[in-house]
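The values are calculated or read from the model by the stated rules, or taken from the named source; none is laboratory data. Source: prediction; values computed, not measured. When we count neighbours, we look across all protein chains shown, and the Cβ atoms used for this are built from the backbone with ideal geometry, even at glycine. Ligands, DNA and RNA are excluded from the accessible area calculation, which covers all protein heavy atoms including side chains. Shrake-Rupley method; radii C 1.70, N 1.55, O 1.52, S 1.80 Å.
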Amino acid sequence: MTTTTDPILPTRLEDLVALFDVRPTDAPTSDEDRVEALRAPKFGTKFSDHMARISWSSADGWKDRRIEKYGPLLLDPATAVLHYAQEIFEGLKAYKHADGSVWTFRPDQNAARFARSAHRLALPSLSVDDFIGSLAALVRTDIDWVPDGEDSSLYLRPFMYASEAFLGVRPSLEVEYLVIASPVGPYFAGGVRPVSIYVSQEYHRAGPPGGTGDAKFGGNYAASLLPQLEAQKEGFDQVCFLDAATNTYLEELGGMNVFVVMEDGTLHTPELGSILEGITRGSVLQLAADRGYDVVERRIPLAEVVAGLESGAVKEFFACGTAAVVTPVGRLAGSTFDHEVNGGEPGELTMAIRQELTDIQYGRAEDRHGWMRRLA
């Protein structure tokens, strides 16, 4: 049922893939080991045989597009990324459809966000053509690594880092771009379940607008790890962060955007500026609007949400991102409050949007917005 309005037409995609020199691994995974890895894949623990790679220098620009053996990177101790964290990354999935074809979801949006992140971190911009071409070239080389189990997919991780060996504080004159791939299964092994969220009022994942909160780079994720660890010790699954300027407005989890469903039929999510512009976030907004919901992007005070949970004005609370798609929240707590959400059960809109989104991704429903792109 998949349709596409891909600006990169199939014939041109072939030309983009052809730019990549395929250098096959000399140590391919055996069929038996690969089948075992795909039997019950865990997120980010097993990787396919190859990786896509493009090199950049200030003198020559982007060059040497290739698919090469997956393996360790050779880094000089003075490599700039190790000292100044000049790196960015993306995350998206390749889905096998019933006819055996392999598709991905809105890669043009990932490419655009990758370029925005690169600009903020003073890294060179990678074209949409190179971004999507690298995905297709890698997937076609390692197509046997795309799982076909229920809610399984091949997770794709494009990333870019400053590779120049130089300790001066300036943008690197050399950069490496790579894509690696990892087969993944359902995010929730026992089925979708509501998670518990602790709202941190002590730590922040990023600074106010003008900082790096809207860039997808490791520093923002590193900042979330300590509060995440502390919350897990108290029995919570995830942490929700507040804005750094006033410590009063909801922002996002360590790796997911958040949504609040109100009793009046409106859907609210924190406005952009200091948070990541999630691809799934934008898709949820569109699908909710398609269902007739009023969607509102605004600053959401934590106090308003807590009061809404007490009064019943807040019906559902959920998070979304590439890995878990849409995740229901069954408990929201902080230092001065602790409330169940929707009786601790998944919300109706939460689950309806999750189902619709995954049906589109796996080719089980019409792609009426033209979000899917065929890779192989």
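General remarks:
- The alpha-carbon atoms of the range 226-376 define a convex hull whose volume equals 130 cubic angstrom per residue.
- In the chain, the DSSP-assigned H stretches of four residues or longer account for a calculated mean residue ellipticity at 222 nm of -8500 deg cm²/dmol, using -39500 (n - 2.57) per stretch and the full residue count as denominator.
- Over the range 28-134 - Rg/Rh using Cα atoms and the Kirkwood inverse-distance radius: 0.99
- Semi-axes of the equivalent ellipsoid for the range 65-107, Cα gyration tensor, largest first, Å: 33, 15, 7
- Extreme residue, positive dipole direction of the chain, given options 95, 248, 329 (C-beta unit charges): 95
- In this structure the amide hydrogen of residue 70, modeled in the peptide plane, comes within under 5 Å of the amide hydrogens of 50, 51, none closer than 5 places in sequence on its chain.
- Whichever lysines have a C-alpha closer than 21 Å to that of residue 69, once near sequence neighbours (fewer than 8 apart) are set aside: 46, 93
- When a 1.4 Å probe is rolled over the protein heavy atoms, the share of accessible surface on the chain that falls to carbon and sulfur comes to 52 percent.
- Modelled label positions at residue 39 and residue 157, each set 7 Å beyond Cα in the direction of Cβ, lie 2.4 nm from each other.
- In this simple spin-label approximation, residue 148 and residue 225 carry label points 7 Å from Cα along the Cα→Cβ vector, and these lie 3.9 nm apart.
- The chain: angle of helix 302-311 to the longest principal axis, Cα-based, in degrees nearest 10: 50 degrees
- With a Förster radius of 35 Å applied to the beta-carbon distance between residue 296 and residue 32, the computed FRET efficiency rounds to 0.10.
- At most 16 other Cβ within 10 Å, DSSP loop - trypsin sites (Lys or Arg not before Pro), the range 15-111: 42
- Solvent-accessible area per residue for the range 78-233 (1.4 angstrom probe, square angstrom): 38 Å²
- Separation between Cα centres of the range 241-267 and the range 193-218, rounded to whole Å: 10 Å
- Euclidean distance between Cα centres, the range 94-171 to the range 306-356, Å: 30 Å
- Whole-number D in µm² s⁻¹ for the range 304-376, Kirkwood Cα-pair radius fed into Stokes-Einstein, 20 °C, 1.002 mPa s: 152 µm²/s
- Computed over the alpha-carbon atoms, the chain gives an Rg to Rh ratio of 0.97, Rh here being the Kirkwood radius from the mean inverse distance.
- Label sites at residue 116 and residue 23, each approximated as a point 7 angstrom past Cα along Cα to Cβ, lie 3.5 nm apart.
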